[in-house]
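Quick note: the coordinates plus some simple rules give every number you see, no bench work behind them. Treat the numbers as computed from the prediction; the structure is a model and nothing was measured. Please note: Cβ atoms are built from the backbone with ideal geometry, for glycine as well, and neighbour counts cover all protein chains shown.
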Amino acid sequence: MENLNTNKHISGQFNTELEDIRNRVLAMGGLVERQLEQALDALAGLDAELAKAVIEGDHKVNGMEVAIDEECTRIIAKRQPAASDLRLIITISKTITDLERIGDACVRIAKAAVEKRSKSQEPLLVSIESMGRHATRGLHATLDALARMDAEKALELHKEDAKLDKEYEGIIRQLMTYMMEDPRSIPGVLDVLWAARAVERVGDRCKNICEYIIYYVKGKDVRHTSYEEMERGVAE
């Protein structure tokens, strides 16, 4: 991670350990980002083979979460970090949980790519694919803010999630209309609904990560606060 005002420690090994977990969480983020891109590609092309690769690749994301979490626990027990060092480890520990949940969302999207459906449902999938690309851009920007620990950018991205929510609401209205017009379509539409929900959850997880970035940089827990309160906290 670039431009971090981390403390220099008497133990060079401690600095190395902190740098290692920073790099590992970013590597995990890169893997999750690729999983999301591939899941959306599979959905757009109804590519069962690519979807299967995404589903099978989820174990790598899970394994990285476990390994990084164990390392965070080891560092806390061995080094007893305080102040910004402790906030960094807490930030990473929380971030990897949300990254793992994004990985789960990728699996849900990939599964939608292999479900049997009628041709008339394809426009619904196109809407989800468009929404998914928005989510992908948001995830990429969030990971970039994490790499630089940029609280101002994190605040900006946190607000952007409202646009993704509006897209999701629009898709839900489409799906409801579709089911009312043709009740026989309900099982297939529900598969599409779960995929749309998975994409929306990617945005929520990115919001969480943005809150963790602000917590690390500013030392303030901004969860469950208004945007105005978050803005004041970042400005201080």
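For the reader, a short list of remarks on this structure follows.
- Take the Cβ atoms of residue 236 and residue 19, set R0 to 25 Å, and the FRET efficiency comes out at 0.35.
- Cα centroids of the stretch 176-195 and the stretch 62-112: 36 Å apart.
- Listed candidates (i) 32, 18, 17; (ii) 36, 20, 15; (iii) 37, 20, 12 - label of the one calculated as semi-axes √(5λ) of the Cα gyration tensor in Å: (iii)
- Spatially proximal aspartates and glutamates relative to residue 163 (Cα-Cα < 14 Å; intrachain offsets below 8 disregarded): 200, 204
- Packing, as the average of other Cβ atoms within 10 Å across residues, places the peptides 42-50, 151-159, 228-236 in the order 151-159, 42-50, 228-236, highest first.
- Each eigenvalue of the Cα gyration tensor of the stretch 125-234, multiplied by 5 and square-rooted, gives one semi-axis; in descending order these are 33, 13, 10 Å.
- Applying a length cut-off of 15 Å (Cα extent along the axis) and a mean Kyte-Doolittle floor of 0.5 to the DSSP H helices of the chain leaves 83-114.
- Computed helical MRE - 222 nm, the chain, DSSP H runs ≥ 4 contributing -39500 (n - 2.57), nearest 500: -30000 deg cm²/dmol
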